[in-house]
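**Q** Could you have a look at this structure, given as structure tokens, before my questions?
The values are calculated or read from the model by the stated rules, or taken from the named source; none is laboratory data. Here the structure is a predicted model, which means the values were calculated and not measured. Reconstructed Cβ throughout: ideal geometry from the backbone, glycine too, with neighbour counts over all protein chains shown. Accessible surface areas use protein heavy atoms only, side chains included; no ligands, DNA or RNA. Shrake-Rupley method; radii C 1.70, N 1.55, O 1.52, S 1.80 Å.
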Amino acid sequence: MTQKQTKIHPSAIALLPFGLFLCLFIGTGIYFSTQNVEFAFYQLPAPIAVLPAIVLAVLMSKDKLNDAIGQFIEGVSHRDITAMCMIYLLAGAFSAVAKATGGVDATVNLGLAVLPSSFILPGLFLISAFIATSMGTSMGTIAAVAPVALGIADTTGIDAALMAGVVLSGAMFGDNLSIISDTTIAATRSQGCHMKDKFRENVKIAVPAAVVALVIFFISNEVTVAPVAGDVDWLAVLPYLTILVLAVSGMNVFVVLAIGILFAGIVGMVQTPDYSLMTFGQDVYKGFGSMQEIFLLSLLIGGLAELMRQQGGLAFVTDKLSTLIMSRADKDAEKGSPRASEAGIAALVSMTNLCTANNTVAIIVAGGVAKELSVQHDVAPKRSASLLDIFSCVIQGVLPYGAQALLLGSIFELSPLSVVSQSYYCFLLAIAAAFAIARTKGQHPA
């Protein structure tokens, strides 16, 4: 039986639950920070902070209670949310098994042997960027690289938050440029342009930001403990090398991580007599448990986003911004400048991403309005697709409740806020893109 489809009317009030969540999640963290409480942002767990917002959203619904709860469940079960949660579980399992079987330590030794101590941070940025570009997913990249990066940080004395920010920066750089990324596919399809054209447009903005980020990471590369690479256990390294090779080859991220888990378990059983099949199963489950917080939060945020969408919150954001953009663009029409439309596209996808915490979904939601703006005000499809992808990745890379920051925070045992505060590339990408928009004079569809 299908639910009756009703027209969604824009409503600013529908955004109130989201504001409540932010106030509780960020506000309590800031308060406890001022009180010098350790782990300030963990005093109120994020999955608990979102519960009052969900209750408020359900109570605000004009539909029947069962229908409102059904909408929440629909958001929880969205395929993108389910996919993220499965990646969490597999990433946690691989990390736990690889650590227990010596894979992390062996790979850290390999990394220290290959990367000069003065080039650890820039090197990890480039490695993360290459893997993400090849895989087309920032989440898969983080799952593969983060445990090794944490081990290197512990060995060299490099600040863990900075190391996490480097991995996040590289992952978002690659995700933004990859031609097989979900965000690229969504952006190019919604704007009607070729992937190669969007890629060329992106490179003009992303590469300068990446170069500056590399310089910052090089300057920040303060190794407090002289790294000493131990003997490399190549058999223990093989599971990591395998998932990197498979990821770069374009294999599905779920298959890649599943193979990595099994391979790491086999290596452990071969090398360690006491490592049994039962121990392997316990490590896998331990890895699942390590992802409990972000697993729950992602599900709950997905349900809250769907409630806000059904109640007109996202429609309000898109309608108001598109009206403002149209007004500004009309004023600039005499000059033939699409600058206002480009700025509007950036603001539109940014606001949508803030509400959905998912860059692919944000592009899909904002794509229709962006296409209308680009057609009416002579913004090339490749340009609008590029801006959609860039600003969705910028916001996703600085969201403390985004999947990437949550995954890194879980692996590094850090507050997601401390992770995103070190995501220098994302901030630089925003500046580079804003500068590119400011320089816009006239452009015709191509």
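**Q** Count the net charge of all other residues whose Cβ sits under 11 Å from the Cβ of Val97, scoring Lys and Arg as +1 and Asp and Glu as -1. Mind showing how you got there, number by number?
**A** Numbers: positive: Lys99, Lys286; negative: Asp283.
It works out to a net charge of +1.
**Q** Something else about it: Suppose R0 equals 56 Å. What FRET efficiency, 1/(1 + (r/R0)^6) with r the Cβ-Cβ distance, do Gln271 and Arg439 give to the nearest 0.05? Let's see the in-between values first.
**A** Values: r = 57 Å, r/R0 = 1.02.
That gives a FRET efficiency of 0.45.
**Q** A further question follows. Label points 7 Å out from Cα along the Cβ direction at Phe254 and Asn36: separation in nm?
**A** Reported label-point gap for Phe254 and Asn36 is 5.0 nm.
**Q** For the chain, what does the accessible surface come to per residue with a 1.4 Å probe? Please give it in Å².
**A** Working: 19370 Å² over 446 residues.
For the chain, the solvent-accessible area averages 43 Å² per residue.
**Q** Okay, next question. Counting only protein heavy atoms and a 1.4 Å probe, tell me what percentage of the chain's accessible area is made up of carbon and sulfur.
**A** Details: 12520 of 19370 Å².
Carbon and sulfur together cover 65 percent of it.
**Q** In terms of the Cα gyration tensor, with a ≥ b ≥ c the square roots of its eigenvalues, is the stretch 337-423 rounded because a/c is under 1.5, prolate because a/b exceeds b/c, or oblate?
**A** On the way: a/c = 3.45, a/b = 2.72, b/c = 1.27.
Prolate, because a/c is 1.5 or more and a/b exceeds b/c.
**Q** Could you compute how fast the chain diffuses translationally, taking Rh as the Kirkwood radius over C-alpha pairs and applying Stokes-Einstein at 37 °C with viscosity 0.692 mPa s? Give it in µm² per second. Show your work: numbers first, answer last.
**A** On the way: Rh = 22.7 Å.
The calculation lands on 145 µm²/s.
**Q** Using a 10 angstrom cutoff on alpha carbons, build the Gaussian network for the chain and name the most mobile of Gly157, Gly313, Gly260.
**A** The residue that fluctuates most here is Gly157.
**Q** Past 24 Å, Cα to Cα: identify those pairs from Lys64/Lys371; Lys198/Lys371; Lys204/Lys371; Lys204/Lys320; Lys7/Lys382; Lys7/Lys198, in the order given.
**A** On the way: Lys64/Lys371 35 Å; Lys198/Lys371 14 Å; Lys204/Lys371 21 Å; Lys204/Lys320 30 Å; Lys7/Lys382 32 Å; Lys7/Lys198 34 Å.
From Lys64/Lys371; Lys198/Lys371; Lys204/Lys371; Lys204/Lys320; Lys7/Lys382; Lys7/Lys198, over 24 Å: Lys64/Lys371; Lys204/Lys320; Lys7/Lys382; Lys7/Lys198.
**Q** Counting only helical runs of four or more DSSP H residues, what would the 222 nm mean residue ellipticity of the chain come to if each run contributes -39,500 (n - 2.57) and the total is spread over all its residues? Write out the running numbers ahead of the final one.
**A** Working: 21 runs with 339 residues, N = 446.
Here the helix-only value at 222 nm equals -25000 deg cm²/dmol.
**Q** Which angle from 0 to 90°, rounded to the nearest 10, does the C-alpha axis of helix 234-248 make with the longest principal axis of the chain?
**A** Result, in degrees: 20.
**Q** Ok, one more. Rounded to the nearest 20 Debye, what is the dipole magnitude of the chain about its Cα centre when Lys and Arg each give +1 and Asp and Glu each give -1 at the C-beta?
**A** On the way: 23 positive and 28 negative charges, 307 e Å.
That gives the chain a dipole magnitude of about 1480 debye.
**Q** Here's a follow-up. Once you put a point 7 Å from the Cα of Cys23 and another 7 Å from the Cα of Gln282, both along the Cβ direction, what distance in nm separates them?
**A** 4.7 nm
**Q** For the pair Arg189 and Ser77, what calculated FRET efficiency results from E = 1/(1 + (r/R0)^6), where r is the Cβ-Cβ distance and R0 = 30 Å, to the nearest 0.05?
**A** Values: r = 24 Å, r/R0 = 0.79.
According to the calculation, E is roughly 0.80.
**Q** What angle do you read, to the nearest 10 degrees and between 0 and 90, between the alpha-carbon axis of helix 65-76 and the longest principal axis of the chain?
**A** 50 degrees
**Q** Continuing with the same structure: Roughly how far apart, in whole Å, are the Cα centres of the stretch 383-443 and the stretch 179-200?
**A** 18 Å
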